[in-house]
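The values are calculated or read from the model by the stated rules, or taken from the named source; none is laboratory data. Remember, predicted model here, so these are calculated numbers, not experimental data. Neighbour counts run over all protein chains shown; Cβ positions are idealised from the backbone, glycine included. Each accessible area value is taken on the protein alone, full model and side chains, heavy atoms only, with ligands, DNA and RNA left out. Shrake-Rupley method; radii C 1.70, N 1.55, O 1.52, S 1.80 Å.
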Amino acid sequence: MKPLDLGTARASTTLPAALGGRIEPAAGTEPLLKVEGLSLTRGESLILDEVAFSLRRGATLGLLGESGAGKSTIALALIGLLRKPEVGLSGTITLDGEGDVVDAPEKAWLKLRGRRVAMIFQDASAALNPCFTIGRQIMTPLRRVLGLGRSAARVRAIELLESVGLNDAPSRLSAYPHQLSGGMQQRVMIAIALSSNPDLLLADEPTSALDVTIQAQIIRLILEETRRRSASCIFVLHDLALASQCCDDVVVLYGGQVVETGPSRIVLDAPMHPYTQALKGCVLEFDTEELEPLPSGAPSFASKSPGCRFADRCARALDKCAATKPPLVATRGRKLACWNPLP
Amino acid sequence: MVDIPVDTRLAARRPTRLEGLRALARSNIYFAIASIVVALFILSATFAPLVSPHPPLDQDMAAFMSPPLTENHMLGTDSFGRDLLARTIYGARYALAIGFGAVLIGALGGLIVGVAAGLSGGVTEWALMRFIDALLALPSLIMAIAFISILGQGVDKVILAVGVALIGPFSRTVRADVLQVKAQAFVEAAGLMGVKRLAIIWRHILPNVIFPLAVQATIRVSYAVLVSSGLSFLGIGVAPPTPDWGLMIAEGRSFVSFAPWIAGVPGTALAILLIALSIVGDGVREHFDPKLRKQG
Amino acid sequence: MLLFAAGKILQTLMVLLIVSAVSFTLLKLAPGDPIQIMLGTEYSPEAYTSLMKQLGLDRSMIEQYLRWLGSFVTGDWGVSYVSKAPIFQFAVVEALPVTLTLAASALALSVLIGVPLGVLAATRRGSIWDAATSVFTLTGTSFPSFYLGILLIWLFGVKFGLFPTMGFVAPWEDFWAGVSHLTLPAITLSIYFLAMIVRMTRANLIEVLEQPYIAAARARGEPNWRVVWVHGLRNILMPLVTILGLQLGALLQGAVLTETVFSLPGVGQMITNAVLNREYGIVQAGVMITACLFITTNLIVDLAYPYLDPRLRPR
Amino acid sequence: MSTAPIFRLLDVQKAYDVDAKGGSLFSRAKRRLRALDGVRLSLAPGESLAIVGESGSGKTTLLRVLLGLTHPTDGRALFREKDIASLDGVDRDRFCREVAAIYQDARGSLNPRMSVLDLIAEPLDHHKLCTNSDRSDRVAALMSRVGLSPAMMSRYVSALSGGQLRRIAIARALASEPSVLVADEAVSGLDVSTQAQILKLLRDLQREMGLSLLFITHDLGVAAYLCDRIAVMYLGRVVEAGLTREVLKAPAHPYTRALLNASPRFFAPISDPLPGEVPSPIDLPPGCRFAGRCVRAQDDCQKSEPALTPASPTRMFACFHPLAS
């Protein structure tokens, strides 16, 4: 494998201004995606508790939180891979032009998945089928979704692979996933996801299995390619600093409840929810002197518990926190669910 | 003192093994039923003289080949007028004794060969590996047949032959377990601490090998019973007139067109025992092997 | 790749050599003097020594083994004491085809039925189908095949009179007679295998269907049937073939029992009779035949791995 | 306490022979994979040193050399001025007791068939540091030291969470009263809040007990929080080393700069990422091994390899064209 794949290719691409100074998407457009009161139950557990957020066309949104927060669950519900009757689902997911898809049958989802909504997974080496060549995996959707012929699909596949920075694309088509490095595999995943020009790209921790320098490459690639297609993107992330760099808006989740949501520059700069603040306090910057870790604990998913799920780990918890769930209300440029927010 | 929040979250206390099995029986009704069936077989085999209506070799001159539900012979008699229920109850003795005995021999042999192959290196390992390969090259039944042809017939010989035939499969799994455990970080960590090699083997490797071996052994009991009754069925295992199920089925085969119960009674007993044993074995394995548990 | 194959083949030959040497030695140690059996009533001390010389039994063990090995690989397997027929003719030309036909038809039957059944059970987990399948696999994998054979004889042979219950007719000589003679034995032998394949297909497919690449394929909009039958099945091929290779032993030992139940003149019956007659030459031949079959199959499986799973190919 | 270094590596090399691909049946061409290529560093008592690098940088091989699990093919690895490879007798015992390792895979490093009590007591028993009567008291003390309730003593690994396991691994490492802790990515794979707890614990322990700490990580933030000194590795070589604060404030080596740029920071724009990927460590071309990805590379970088040279008493780097400070 040649080490120098993309140096020149990347440098010559003209970067959207967004990557340096961000551009705000045109205001006033209908949101591409609107999620309201989305609850998801699995058996006795309430995994998502009335999640609500919306996403503008061309914008990027970050779902933030620790493991068990329900971030990936939301992503899977948004692409119709978690549906009734496997799980209980209520609320609405409104995708522009399709209406509410929460109860859409498999047949309707088949027309959305890989066409209007696409997804990139956490570990590309596991998300590519080990038994099929790269070419087969990228050409199958091209032929099935776009109806391209064999040779047209091949040409398009090579273009796509080149656009995500894979050099030597024609010969990569006959390679198997394990023959590529982790970064290359993730590039292939991105190429497959973008092949049908989706409106919404879901990226579930796309870089957590990669080295930092490769992480920067991949995040930039995703941003560039979605902006170029004026597609929206939802990142599932655990790193708040990274989210501040690549997301317009963020949704902070704890135990399946939205605790704070709004523009990332407002929410992450001056968090008002104690949990957001605590998460931010765990991020190590190079001058971090003191860490103030949260006490250990994990949220309970029992559907009966009425209050804020963060209450038992929260230093600012009041008596009513455990008793009544705080509503998500607009406060100082963001939406917040807390009875005793930070000033 | 370091000021760190004390992690007081209560993780579930690890249940003892017996409690684990009881929980298993409660959650899995098949396992519960199968355990009871196996227990019944073991009990009636142990107390055969008390349970059995007749001695197994007694011939009732008045009732040759009488069908089940005849007076005095609940499950009928065979061509010699021997009571089938009595013979089947005594037969359980042979089936279980051979099954457990053979598995014991196989597991012990497998443990020795497998641990030796897993821990040694170089030429020794290579030679042991080829030896295991050679043991595995013959299906257990055929290997047992070959041994029987050398040892001759008889219960003790069947136990030995089937047991030796099981050494191959056992040593393969033991060796695989040893290799897997040997590569674990805790073995390396003990080495770093300066713990001696023998102590590492004794304290860290063996406990992690013997436990899965015990699980394997419960699974293989039914296999051993199957192979040994197969031997008797072929007429080269236990010698007549021993009330062995395989022998009884073979005898009944000749009369299948007009007295199907002669093969049917011992055959059904054998089938029930084998099925129950394998449910118990599967249950134990699923319970103790976290990899399999989620497959349900 | 070539090196890998050459190494594997060499290893296989080595194992065969060990099997032959060990079984040769052990069978030599067995009780019963073959010369006495051969001479029978014509026993005299002079005849005994001359026959002993003639057969080379007075030489050292190693020499005997090497002589035996030499003649074994050239197809000279000696003569049966009982029937006076050459063992090679008897074992390879007459018995082996019977066993192979039986095993092959049972194998075909179980794969063709077992894989779809396993897929069905895996994709409808928790359904009545799945429950029925799990009862079947449990019963099928532990039911004694020889008793099953007798039950089938009783039901289809005696009660309904649908199929012959004894003997072998080669399908290549009289196809329909061959098939009808094979039906009950093949079913008997296949039940264990069928249950095993259903169980393995189900378990492996369930595991594969939980893999991220399956979710990724669904997320790409691939319909369910493609996800299961293309992405899923392709990935369980390797464990399935492995199991088939390892379980070939079970097939062979099942064949021994099935042949006895249905009086088929195959390798199994040959070995059984040889044990009863103390014909160690034939036992040895039977051992070598089964070992060869088993080891070669597993050699083929080993060599097929890189084709079944691309991850095992050199980078 | 003496100030002689605990660990000293003198131009340590570790090379493996690997099969070349496409070799024919008879010619099995061997190629050299240099996992470590001339590493020089030292660790003084009470000091904390972070080894930072991405996958393939050789940091794990370095750790194995330090622990004596593998021996250098060239150069020397010294523990208290004695070759680690040939330690025996009293020296070996001392090494085993003074050097404690914390593994990346905490679960795998703890025997699943031993209770927490036995796990933590194993080093105590082995080094005969306690009597039978105070055994469980000692373990309880160690457990509360790392923030675990001693009530957990009778549990087994399978019933514990990731954070609890790391604490047990730390307690076990502390049991032998070591002078140096060697930790390999000891906080990776944890949620950020658990990671913060463990990091705080490690730093407090190191400072209070005067331990030396050698911490291997890929995360510059972790390195900055935990360690006074840092060594950045790339493809088997240390490319820059020095006081963490100085290095991160003004990196001299372009690779350190790139790592720094790639680490997420609040509201910083994502700067131009480093192009390409880490090349294969087999048969490297002559010259600086970073030259292929380096924006500052010039002709001389392709020709010869820059050596790790001191620029100040606290700073070393290996670059012909360092960034101005």
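Projecting label points 7 angstrom from Cα along Cα→Cβ for D:V18 and B:L43 puts them 6.4 nm apart. Between C:K159 and C:E42, residue separation times 0.36 nm minus the direct Cα-Cα distance comes to 37.1 nm. Accessible surface for segment C:87-312, divided over its residues, is 38 Å² per residue with a 1.4 Å probe. Estimated purely from DSSP H runs of n ≥ 4, each contributing -39500 (n - 2.57), the mean residue ellipticity at 222 nm for the protein assembly as shown is -16000 deg cm²/dmol once divided by its residues. Each of D:K59, A:K280 has its accessible area taken with a 1.4 Å probe; listed largest first, they run A:K280, D:K59. Between C:D33 and C:I113, the modelled labels are 5.4 nm apart [label points 7 Å from Cα along Cα→Cβ].
Helices that extend 18 Å or more along their long axis by alpha-carbon positions and average at least 1.6 on the Kyte-Doolittle scale are, among the DSSP H runs of chain B, B:29-46, B:84-119. Largest GNM mean-square fluctuation across A:S151, A:S296, A:S196, computed for chain A with C-alpha springs under 10 Å, falls on A:S296.
Looking at segment A:244-343, the GluC sites (Glu not before Pro) that sit in a DSSP loop and have at most 16 other Cβ atoms within 10 Å of their own Cβ are A:E285, A:E289, A:E290.
For the residues of C:146-158, the average number of beta carbons from a partner chain within 10 Å of their own beta carbon is 5. The B:S257 and B:F100 beta-carbon pair, evaluated with R₀ = 22 Å, returns a calculated FRET efficiency of approximately 0.05.
Return the percentage of antiparallel bridges among DSSP beta bridges fully within segment A:40-260, rounded to the nearest 5 %.
Numbers: 10 of 29 bridges.
Around 35 percent of the beta bridges assigned by DSSP in segment A:40-260 are antiparallel ones.
For a distance above 26 Å, tell me the whole-number percent of Cα pairs in chain D that qualify. Summing the P(r) of chain D above 26 Å gives 52 percent of all pairs.
When peptides A:264-276, C:169-181 are ranked by their average number of other Cβ atoms within 10 Å per residue, the highest-first order is A:264-276, C:169-181. The calculated FRET efficiency for the pair D:R32 and D:R138, based on their C-beta separation and a Förster distance of 30 Å, comes to about 0.05. Of the solvent-accessible surface of chain D, computed with a 1.4 Å probe and all protein chains present, 50% belongs to carbon and sulfur. For the pair segment C:76-113 and segment B:43-74, the centres of their Cα atoms are 41 angstrom apart.
Using a cut-off of under 18 Å, list every residue of segment C:259-298 whose amide N is near the label point 7 Å from the Cα of C:V22 along the Cα-to-beta-carbon line. Flagged as within label range: C:283-298.
Summarised in one figure, the compactness ratio Rg/Rh of segment D:181-233, Cα atoms and Kirkwood Rh, is 0.93. Under 5 Å between amide hydrogens, built in the peptide plane, is the criterion, and for D:A311 it picks out D:M316, D:F317 among residues at least 5 positions away or on other chains.
Converting the Cα gyration tensor eigenvalues of the protein assembly as shown into ellipsoid dimensions via √(5λ) gives semi-axes, longest first, of 63, 37, 33 Å.
Around the Cα centre of segment A:156-249, unit charges on the Cβ atoms of Lys, Arg, Asp and Glu (plus for the first two, minus for the last two) sum to a dipole of about 280 debye. GNM on chain D, alpha-carbon springs under 10 angstrom: the most fluctuating residue among D:K82, D:K128, D:K14 is D:K128. Just list whichever of B:K182/D:K14; B:K196/D:K59; A:K71/D:K200; A:K280/A:K320; A:K34/A:K71 have alpha carbons separated by over 20 Å in the model shown. Correct reply: B:K182/D:K14; B:K196/D:K59; A:K71/D:K200; A:K280/A:K320.
Report, as an integer, the average count of C-beta atoms from other chains found within 10 Å of each Cβ along C:207-216.
6
DSSP finds beta bridges in the protein assembly as shown, and of those with both partners inside it, around 65 percent are antiparallel. Computed across segment D:192-325, the Kirkwood hydrodynamic radius from all distinct Cα-Cα pairs reaches 16.3 Å. Spin-label model, B:I36 to A:T288: label points 7 Å out along the Cα-to-beta-carbon direction sit 5.9 nm apart. Phi angles across segment A:143-155 convert, under the Karplus curve 6.51 cos²θ - 1.76 cosθ + 1.60 with θ = phi - 60°, into 3J(HN,Hα) values of 6, 6, 7, 8, x, 6, x, 4, 6, 5, 5, 5, 4 Hz, Gly and Pro given as x. Convex hull volume of the Cα atoms of segment B:89-295, normalised per residue: 134 Å³.
Under 5 Å between amide hydrogens, built in the peptide plane, is the criterion, and for A:I234 it picks out A:L61, A:L201, A:L202, A:A203 among residues at least 5 positions away or on other chains. Heavy atoms of chains D and A lose about 4100 Å² of accessible surface on contact, summed over both sides with a 1.4 Å probe.
Result for chain B in a Gaussian network model with C-alpha springs under 10 Å: among B:P169, B:P53, B:P241, the largest mean-square fluctuation is at B:P241. Among the chymotrypsin sites (Phe, Trp or Tyr not before Pro) in segment B:177-274, those located in a DSSP loop and surrounded by at most 15 other Cβ atoms within 10 Å of their own Cβ are B:F255, B:F258.
With N set to the number of residues, divide the alpha-carbon radius of gyration of chain A by 2.2 N^0.38 Å and report two decimals.
1.02
Among the trypsin sites (Lys or Arg not before Pro) in segment C:1-96, those placed in a DSSP loop whose Cβ has at most 11 other Cβ atoms within 10 Å are C:K84.
Remark: segment A:84-90, residue by residue, has Karplus-estimated 3J(HN,Hα) of 5, x, 4, 10, x, 9, 9 Hz, where x stands for each Gly or Pro and the curve is 6.51 cos²θ - 1.76 cosθ + 1.60 at θ = phi - 60°. Take the Cβ-Cβ distance between D:S271 and C:W225 as r, set R0 to 51 Å, and report the resulting FRET efficiency rounded to the nearest 0.05. So the FRET efficiency works out to roughly 0.60.
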